[in-house]
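Engineer: Got a structure here, written out as structure tokens. Questions coming.
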């Protein structure tokens, strides 16, 4: 994966974060993501993220499960292994509905979990770059992706002015990698000091 | 400044009086041509129509109070901005309770044994199954339990509405707010427990299941309860959207509508679950005493109603309300809520009619006329109740939380 340059700002208050996100976006910076210790309501809207397609995937998995169950049972009970169960017709939809329902739920449940893990790049042994350890504790970490045109000093100063308590620049790999987690691994090649407004 | 005082719009009044007029004409015509008819079938049709409508409207209005209570018990805040709407709808419960009681008294005193077969003493004496059920299915117990039920629904509902008004006096803070929430919780708990003993179990057995006196199903009460609950939620949605369109309830946003939509969606599925479970167990066991209930419905003359019921109340909401966009869309929600109110009305019809009228049912001017009459009553009394209290409980301790509600 490519290594890119990021300007990272840490906020310690939601009420500062929201106007900051608005200002940063208005200024034209590209926010790669905001990492928060808990789900912050309305932040996705503020960041201009589109709705997830996870539910559409879930619907498709559910339909797959439904047709799999219906196809499989009807094939077994009307063609492959025809038996008389309590004098009911061979094709007795009512009796199959519980199983069709179960398979619908199973397919959509498992499918959506796996899709979710894929979208979040979550898997055993998969590692991703952490911009700030505080993002899992008490810090809201805003990460701005730098392009060739971005003036890094200006971006840093802008973040600090917007209320970031801690600002730094990191070179980081955008994707994921496999391996052991190494606390001392150098994840970025330069780290500037704290900039205060 | 928030618009707090509901003033009945002219169009609303026109619709209310229009429905009431149509309904009254149909009711009077029904009374003279059917109710006073020599033909017992016509008489049965008259009382069955009144029974179905009064019970349906009573139960959907009472379901609105249940909706408030479960939200209080769950310490939910999201509904606070529009809480006065289900409250106003539930204020109609006493009206429909009186209507239902009059209908019951008329059926039992007037000996309408085609509706309630078990009030016929001679038939019960020579009938093994009915004499087993005599301890439960007899006029005295029926009337006493019905009166207690209607009384408790009315009184506890009124108490909860009064508690809600307490917040109108002024800001509630600290210890006072804690006591306010606690009082609400206690009364909501009383209501919900009593609701479980009535709508959740005994009341549908007595009022509706006993029309098919020989038959029983353990799913029946839940099924009826769900039917009325979805109807009640749809009513809430309709009134919320109506008031939004008239410029009231500015704090109630799409976020709240989305959650009402989720309720309707989820409980439509639960309704279908019960609908199917009741059917499948009976279909699988194939015992004649039980299948007799589904014979006229699935294979007989009620076939069309039975399947329309399923399509309108399950297939339509699951497909239409599944997406996020449709639950946040006022037009789609209005359409679905209206469809479901009528759909569950039809559901109640297929609970009442086959047992009472047999194969010669007639879903015609009288049934729809009675529907108009009861809709008119509902609109009239809900409109009055809405005007009585401020529309937004601005001092409710959870109000701020409800404002920032986000789905």
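Engineer: When every alpha-carbon pair in region B:28-116 is counted, what percent end up more than 18 Å apart?
Structural biologist: Values: 2124 of 3916 pairs.
Counting pairs separated by more than 18 Å, the tail of P(r) holds 54 percent.
Engineer: Over chain B, what is the mean sequence separation of C-alpha contacts under 8 Å (at least six apart), divided by residue count, expressed as relative contact order in percent? It would help to have the intermediate numbers written out before the result.
Structural biologist: On the way: 512 pairs, mean separation 143.4, N = 407.
This gives 35 percent for chain B.
Engineer: In degrees from 0 to 90, rounded to the nearest 10, what is the angle of the helix B:330-357 Cα long axis to the longest principal axis of chain B?
Structural biologist: The angle comes out near 20 degrees.
Engineer: Translational D (Stokes-Einstein, µm²/s) of chain A at 25 °C and 0.890 mPa s when Rh comes from the Kirkwood sum over C-alpha pairs? Intermediate results must be reported in sequence, preceding the final value.
Structural biologist: On the way: Rh = 20.5 Å.
Rounded, D is 120 µm²/s.
Engineer: Taking the highest mean first, how do the peptides B:94-103, B:179-188 order by number of other beta carbon atoms within 10 angstrom per residue? Show your work: numbers first, answer last.
Structural biologist: On the way: B:94-103: 19.3, B:179-188: 16.0.
So the order, starting with the most tightly packed, is B:94-103, B:179-188.
Engineer: Right, here's the next one. With the calculation restricted to Cα positions, what are the radius of gyration and Dmax of the protein assembly as shown in angstrom?
Structural biologist: Expressed in Å, the Cα Rg and Dmax of the protein assembly as shown come to 30.1, 99.
Engineer: Cα centroids of region B:251-286 and region B:315-374: how far apart, whole angstrom?
Structural biologist: Distance between centres, Cα-based: 14 Å.
Engineer: For a Förster distance of 51 Å, can you work out the FRET efficiency between the beta-carbons of residue A:4 and residue B:311, rounded to the nearest 0.05?
Structural biologist: Working: r = 54 Å, r/R0 = 1.06.
Approximately 0.40, to the nearest 0.05.
Engineer: Let me ask something else. Compute the acute angle (0 to 90°) between the alpha-carbon long axis of helix A:93-119 and the principal axis of greatest extent of the alpha-carbon atoms of chain A; round to the nearest 10°.
Structural biologist: Its long axis makes an angle of about 20 degrees.
Engineer: To continue, here is another question. Pulled fully out, how much extra length does the chain show between residue B:24 and residue B:147, if you take 0.36 nm times their separation in residues and subtract their Cα-Cα distance? Could the numbers behind the result be given before it?
Structural biologist: Details: separation 123, 0.36 × 123 = 44.28 nm, distance 2.61 nm.
Gain on extension, residue B:24 to residue B:147, equals 41.7 nm.
Engineer: Could you work out [θ]222 nm for the protein assembly as shown from helices alone, using -39500 (n - 2.57) per DSSP H run of at least four and dividing by all its residues? Round to the nearest 500 deg cm²/dmol.
Structural biologist: -19500 deg cm²/dmol
Engineer: Can you give the angle from 0 to 90° between the axis of helix B:254-285 and the longest principal axis of chain B, with both taken from C-alpha atoms, to the nearest 10?
Structural biologist: Around 20 degrees separate the two axes.
Engineer: Next question, about the same structure. Pop a pseudo-label 7 angstrom from the Cα along the beta-carbon direction at both residue A:102 and residue A:40 and give the gap in nm to one decimal.
Structural biologist: Once both label points are built, they end up 4.5 nm from each other.
Engineer: Please find, in a Gaussian network model of chain A (springs between Cα atoms separated by less than 10 Å), the residue of A:15, A:33, A:138 whose mean-square fluctuation is greatest.
Structural biologist: A:15
Engineer: Let me ask you something else. With N denoting the number of residues in region A:54-119, provide Rg(C-alpha) divided by 2.2 N^0.38 Å, to two decimal places. Could the numbers behind the result be given before it?
Structural biologist: Values: Rg = 14.5 Å, N = 66, 2.2 N^0.38 = 10.8 Å.
My calculation over the Cα atoms of region A:54-119 gives 1.34.
Engineer: Mind listing P(r) for chain B? All alpha-carbon pairs, 20 Å bins, whole percents.
Structural biologist: 27, 57, 16, 0
Engineer: Quote the Stokes-Einstein diffusion coefficient, in whole µm² s⁻¹, for region B:115-185, based on the Kirkwood radius over alpha carbon pairs, a temperature of 37 °C and a viscosity of 0.692 mPa s.
Structural biologist: Details: Rh = 15.8 Å.
Reported coefficient: 207 µm²/s.
Engineer: Would you order A:120, A:10 from fewest to most other beta-carbon atoms within 10 Å of each residue's own beta-carbon? Before the final figure, lay out the partial values.
Structural biologist: Details: A:120 10, A:10 22.
Ascending number of Cβ neighbours within 10 Å: A:120, A:10.
Engineer: Also, I was wondering about something else. What is the distance in Å between the Cα centres of region B:80-112 and region B:159-195?
Structural biologist: Here the two parts' Cα centres lie 23 Å apart.
Engineer: Order these peptides, B:44-50, A:106-112, by their mean beta-carbon neighbour count within 10 angstrom, highest first. Numbers along the way, then the final one.
Structural biologist: Working: B:44-50: 25.1, A:106-112: 16.9.
By packing density, highest mean first, the sequence is B:44-50, A:106-112.
Engineer: Using 1/(1 + (r/R0)^6) with R0 = 22 angstrom and r between the beta carbons of residue B:10 and residue B:330, what's the FRET efficiency to the nearest 0.05? It would help to have the intermediate numbers written out before the result.
Structural biologist: Working: r = 21 Å, r/R0 = 0.97.
About 0.55, to the nearest 0.05.
Engineer: For Cα pairs less than 8 Å apart in space and 6+ apart in sequence, what is the mean separation divided by the residue count of region B:151-271, i.e. the relative contact order in percent?
Structural biologist: Working: 54 pairs, mean separation 24.5, N = 121.
Relative contact order, region B:151-271: 20 percent.
Engineer: Let me ask you something else. In what order do B:211, B:144 fall by count of nearby beta-carbon atoms within 10 Å, going from fewest to most?
Structural biologist: On the way: B:211 21, B:144 10.
Ranking B:211, B:144 by Cβ neighbours within 10 Å, fewest first, gives B:144, B:211.
Engineer: Then there is this: Over all pairs of distinct alpha carbons, what does the Kirkwood formula give as the hydrodynamic radius of region B:17-56, in Å?
Structural biologist: Values: mean 1/r = 0.0960 Å⁻¹.
By the Kirkwood definition, the hydrodynamic radius is 10.4 Å.
Where a number appears in this text, it was derived from the coordinates with a stated rule and is not lab data. The structure presented is a predicted model; accordingly, all values stated were derived computationally and were not measured. Here Cβ is always computed from backbone atoms with ideal geometry, including for glycine, and neighbour counts include all displayed protein chains.
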